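The values are calculated or read from the model by the stated rules, or taken from the named source; none is laboratory data. Just so it is clear, the model here is predicted, and its values are computed rather than measured. Cβ coordinates were reconstructed from backbone atoms using ideal geometry, including for glycine residues, and neighbour counts include every protein chain displayed. Accessible surface areas use protein heavy atoms only, side chains included; no ligands, DNA or RNA. Shrake-Rupley method; radii C 1.70, N 1.55, O 1.52, S 1.80 Å.
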Amino acid sequence: MKPRIRLLADAEFPLLFAHLCRSSDESGRDGDVIFRPRSRHEVMDEVVIGQRHREGWARPLREPLWLRTWGLIDGTTIVGHVDLTGGRLPAELHRATLGIGIQRRARGQGHGRALLETVITWAREHRLAWLDLGVFAQNSRARAVYRAAGFVEVGTVRDQFRVDGVSIDDVAMTLAL
Ligand SMILES: CC(C)(COP(=O)(O)OP(=O)(O)OC[C@H]1O[C@@H](n2cnc3c(N)ncnc32)[C@H](O)[C@@H]1OP(=O)(O)O)[C@@H](O)C(=O)NCCC(=O)NCCS
């Protein structure tokens, strides 16, 4: 059956966490570029990450740091996700920052494009004005997918991250909704 995309609720956090662990583990390995701004030796803390998600999911869009997460659900497993985080200040609430990750086995089948279409439609319905994201310069697949969805590159911060000894330039992209 074709994977479905759905906004996630509290009870699905354990499934999301399992996906985040599997996806993070692929960063910089077996031919993948590094796509995560953390050391591969850093352990993901389920309690801390769970608390951040549940708090963000509960916040209305008029409050800073609201969070909404959609899962790409294949049977009983999450194989991809996309999320939007509201601005940190009240003056930034017309913008949201996008994050996305699809496990290797589910990539290259149009799911990235479908996840982006889902959140762009949702953001327009909720009257946001801009979507922002940061993408590592070497991640040419992700940059192409974002460009195809209408995102525009607005600048590059050189040496933004150093991950396990590798210096990474970060490209800022934005979409006017
Ligand atoms: C980046 C990512 C979200 C894209 O999702 P995806 O499901 O693999 O992408 P899709 O199958 O929807 O492909 C969309 C387009 O990208 C193109 N594409 C695929 N691989 C590509 C590559 N290596 N270089 C350039 N374009 C590529 C496809 O041809 C497709 O174009 P089309 O719609 O014109 O046919 C996904 O690969 C991913 O999660 N990668 C690992 C984590 C990551 O990089 N996250 C982003 C961090 S900023």
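Summary of values
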{"item": "Breaking point among (1) more than 17 Å from the chain's Cα centre (by Cα); (2) crowded, with 17+ Cβ neighbours inside 10 Å, for Thr76", "result": "(2)"}
{"item": "Tally, over the range 112-122, of residues that are open to solvent by 20 Å² or more (accessible area, probe 1.4 Å) and either away from the ligand (no atom under 11 Å from the Cβ) or touching a Pro at 6+ places or on another chain (Cβ under 7 Å) (or both)", "result": "3"}
{"item": "Single residue of the range 92-105 satisfying the filter (within 7 Å of the ligand (Cβ to nearest atom) and of a type in the set (A, V, I, L, M)) that is least open to solvent (accessible area, probe 1.4 Å)", "result": "Ile102"}
{"item": "Residue check, Pro60 open to solvent by less than 50 Å² (accessible area, probe 1.4 Å), farther than 29 Å from Ser167 by Cα, in a loop (DSSP other than H, G, I, E, B) and touching a Leu at 6+ places or on another chain (Cβ under 8 Å)", "result": "no"}
{"item": "Residue within the range 90-99 that is in a strand (DSSP E or B) and of a type in the set (A, V, I, L, M) present", "result": "yes"}
{"item": "Search result, residues across the range 12-27 that are of a type outside the set (Ser, Thr, Tyr) and open to solvent by less than 40 Å² (accessible area, probe 1.4 Å)", "result": "Glu12, Phe13, Leu16, Phe17, Ala18, His19, Leu20, Glu26"}
{"item": "Qualifying residue in the range 102-125 (condition: in a strand (DSSP E or B) and either closer than 20 Å to Gly71 by Cα or without any contact (Cβ under 8 Å) to a residue 60 or more places away in the chain (or both))", "result": "yes"}
{"item": "Filtered residue count, the range 6-21, keeping only those that are closer than 10 Å to Val79 by Cα and of a type in the set (A, V, I, L, M)", "result": "4"}
{"item": "Filter result for the condition that a residue is under 26 Å from Ser167 (Cβ atoms) and either modelled with pLDDT of 95 or more or of a type outside the set (Lys, Arg) (or both), over Val43, Val48", "result": "Val43"}
{"item": "Identity of the residue in the range 32-57, open to solvent by less than 80 Å² (accessible area, probe 1.4 Å) and out of contact with any strand residue (DSSP E or B) (no Cβ under 8 Å at 6 or more places or on another chain), that ends up nearest to the ligand (Cβ to nearest atom)", "result": "Asp32"}
{"item": "Residue match in the range 137-160 (condition: part of a strand (DSSP E or B) and within 11 Å of the ligand (Cβ to nearest atom))", "result": "no"}
